[in-house]
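Participant: Can you keep this structure in mind? I'll have questions shortly.
Every number here is computed from the coordinates shown, using simple stated rules; none is lab data. Quick caveat, the model's predicted, so the values are computed rather than measured. No Cβ is skipped: glycine too gets one built from the backbone with ideal geometry, and neighbour counts run over all protein chains shown.
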Amino acid sequence: MKKVGILSLQGDFEAHGKAVERAGAEAVYVRTAADLADLDGLIIPGGESTTMLKLLRMENLLEPVAEFGRKKPIFGTCAGAILLANRVSNPAQESLALVDLAIERNAYGRQVDSRVVNIDADPSFSSRTRPGSIEAVFIRAPIIREVGPQARILAEYAGDPVLVEEGRHLISTFHPELTGDSRVHELFLSKL
């Protein structure tokens, strides 16, 4: 059985753990660099990206997570997507810079502007999972403003990419862990 780490410093890491288990892998909660050993992939959940950066530094995890991502797949949701992007705005901030995309923090608005919508995925997504729309939960979500030439857009909302893959990495600006649909997590597991 594949082992997927969930960075467990902030955010709804337990919901990701349950989603990983529904998708057919073992969830491992990551709080130290030693916890990264023997993992097949890592999920960086939503939360608040500047706080996550501070916690990554405090726990001496910033470089170990970056090194992990240079070798193995990482799935970043919402704040995790911000941390994976190589260009962050509103305001600019440091990141792991593992995926070639520009992302704007909190671009859909404040907490009261959060929403749940159904989005249609690219046929390549459905061909690797099961067809049908995806329920997407946006909470103070970022917007992907540009994707690099190696990135593939798998789903859009209101004309903006919301689910993107680049090589072994997966990015979503929404929270698939907050629904009962495990297809996005299954897609990530297919990269391991």
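Participant: Please work out, to two decimal places, the log10 of the ratio I(q)/I(0) at q = 0.27, 0.30 Å⁻¹ from a Debye calculation in which every Cα of region 124-178 carries one identical scatterer.
Facilitator: -1.30, -1.43
Participant: Let me know the charge dipole size of the chain about its Cα centre in debye, to the nearest 20, where only the beta-carbon of Lys, Arg (+1) and Asp, Glu (-1) is charged.
Facilitator: For the chain, the charge dipole is close to 140 debye.
Participant: Restricting attention to region 30-118, which GluC sites (Glu not before Pro) occupy a DSSP loop and are surrounded by at most 13 other Cβ atoms within 10 Å? Don't skip to the end; give the middle numbers.
Facilitator: Working: sites: Glu48, Glu59, Glu67, Glu94, Glu104; in loops: Glu48, Glu59, Glu94.
Answer by residue number: Glu94.
Participant: Given the options Gly46, Gly180, Gly17, which has the most mean-square fluctuation in a GNM of the chain, springs set between C-alpha atoms less than 10 angstrom apart?
Facilitator: Taking springs between Cα atoms under 10 Å, the residue moving most is Gly180.
Participant: Step through the residues of region 50-64 one at a time and calculate ³J(HN,Hα) from phi using the Karplus curve (6.51 cos²θ - 1.76 cosθ + 1.60, θ = phi - 60°), rounding each to whole Hz and writing x for Gly and Pro.
Facilitator: Whole-Hz 3J(HN,Hα) from phi for region 50-64: 5, 5, 4, 4, 4, 5, 4, 5, 4, 8, 6, 10, 4, 5, x.
Participant: Answer rounded, prolate or oblate for the chain, using the Cα gyration tensor with square roots of eigenvalues a ≥ b ≥ c: rounded when a/c is under 1.5, else prolate when a/b is larger than b/c, else oblate.
Facilitator: rounded
Participant: Output the peptides 123-130, 4-11 sorted from most to least packed, where packing is the average of other Cβ atoms within 10 Å over each peptide's residues.
Facilitator: Details: 123-130: 14.2, 4-11: 23.9.
Listed from highest to lowest mean packing, they are 4-11, 123-130.
Participant: Using a ≥ b ≥ c from the Cα gyration tensor of region 98-192 (square roots of the eigenvalues), is it rounded, prolate or oblate, where a/c under 1.5 gives rounded and otherwise the larger of a/b and b/c decides, a/b for prolate? List each step's numbers first, then the result.
Facilitator: Details: a/c = 1.77, a/b = 1.16, b/c = 1.52.
Oblate, since a/c reaches 1.5 and b/c is not below a/b.
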